[in-house]
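Data first, discussion second: the structure below is written as structure tokens.
The values are calculated or read from the model by the stated rules, or taken from the named source; none is laboratory data. These numbers were taken from a predicted model, which means no experiment stands behind them. Because the Cβ atoms are built from the backbone with ideal geometry, glycine has one as well, and the counts that use them run over all protein chains shown. When the accessible area is computed, the model is the full protein with side chains, heavy atoms only, and any ligands, DNA or RNA have been set aside. Shrake-Rupley method; radii C 1.70, N 1.55, O 1.52, S 1.80 Å.
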Amino acid sequence: MKKWIWTIAIILGFTYLFGMPAFAKENDPAVEFAKAITRNDYKKAQSCIDQDYVRIPEIPEHVSAQSYQLVPSPISGVQVLMVNLYDEKRKTERLAYIWELSVNYGRITQIRVLYEGFNPLAEEARLIREYQYKFKRHLLAPTELPFKKVTEFHGYIEEDSSIELLYRNDEINGFFKVKASPVTVDLDRFKFDKDDVYYTLKDGTKALYRVNYDLGYELRFQKNGMQYMLGIGNKKYLKVKYKPETLLKIANSMV
């Protein structure tokens, strides 16, 4: 995985420096395929692939390709297709996806997905893998969220071995946050108010819910040497009110 991250970085660097390379010739199946994809002409795109062995990766209906760049891969017979979409919110183009195309005998014989920018949770998965690789620690991630759709995802890793995952939803005008770090103090040290309540998760793990927290809804628990803080906020702007059961359901999806 790390090798491909560097490969993509090198490809992007050369692309922005030199533009589309000279090797991308007309009648090249990769070029014809790229043009068809950006025109949403999937019938033409299908004609460029070996349909007995290859399937075009699924592209959500809301993703409309605007432009593409086709660049060489370090591997012989392989080209890398980078497709941009127009982001209405930011009023600019941004990278939608990167596919690796293998070409043999005038047909595309393999399509490998390297990056999906239209899927907010693709970045979540990459960040979790990076954290686990860097710190050699297993990280629990939520499979439940307090809303159905993730509008945006942001996250970062700190040098103190902590990681923060932030999921935003426009419909509730708020976010869900997970912050994880190695345990340094007991869970009891985070009981700041006499009204704070302890719960027990499905595997017997003790969790602490902050009842009177002004900024949001917050639950903490510790497992396998890691401390997790789950939060929904900001209370002041949220369009939805939550109960402890929402955060408990998310925590139970992690343990």
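Tabulated data
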quantity: Total residues in the range 36-78, condition among the β-branched types (V, I, T), over 25 Å from K149 (Cβ atoms) and modelled with pLDDT of 90 or more; calculated: 4
quantity: Residue within the range 198-207 that is of a type in the set (S, T, N, Q) and in contact with a Ser or Thr (Cβ under 9 Å, 6 or more places away or on another chain) present; calculated: no
quantity: Test: A30 is open to solvent by less than 30 Å² (accessible area, probe 1.4 Å) and modelled with pLDDT of 70 or more; calculated: yes
quantity: The range 94-127: number of residues that are under 20 Å from L166 (Cα atoms) and in contact with a strand residue (DSSP E or B) (Cβ under 8 Å, 6 or more places away or on another chain); calculated: 10
quantity: Matching residues in the range 84-95 - criterion: being assigned to a strand (DSSP E or B) and either open to solvent by 30 Å² or more (accessible area, probe 1.4 Å) or at pLDDT 90 or above (or both); calculated: Y86, T92, E93, R94, L95
quantity: Any chance P72 is open to solvent by 60 Å² or more (accessible area, probe 1.4 Å), farther than 30 Å from K243 by Cβ and either in contact with a strand residue (DSSP E or B) (Cβ under 9 Å, 6 or more places away or on another chain) or of a type in the set (A, V, I, L, M) (or both); calculated: yes
quantity: Unmet requirement for L166, which otherwise passes all of (1) under 21 Å from V240 (Cα atoms); (2) over 29 Å from the mean Cα position of the chain (by Cα); calculated: (2)
quantity: Complete set of residues in the range 190-199 that are among the charged types (D, E, K, R) and surrounded by 10 or more Cβ atoms within 10 Å (Cβ to Cβ); calculated: K191, D193, D195, D196
quantity: Members of the range 48-77 that are part of a loop (DSSP other than H, G, I, E, B) and of a type in the set (V, I, T); calculated: V54, I56, I59, V63, I75
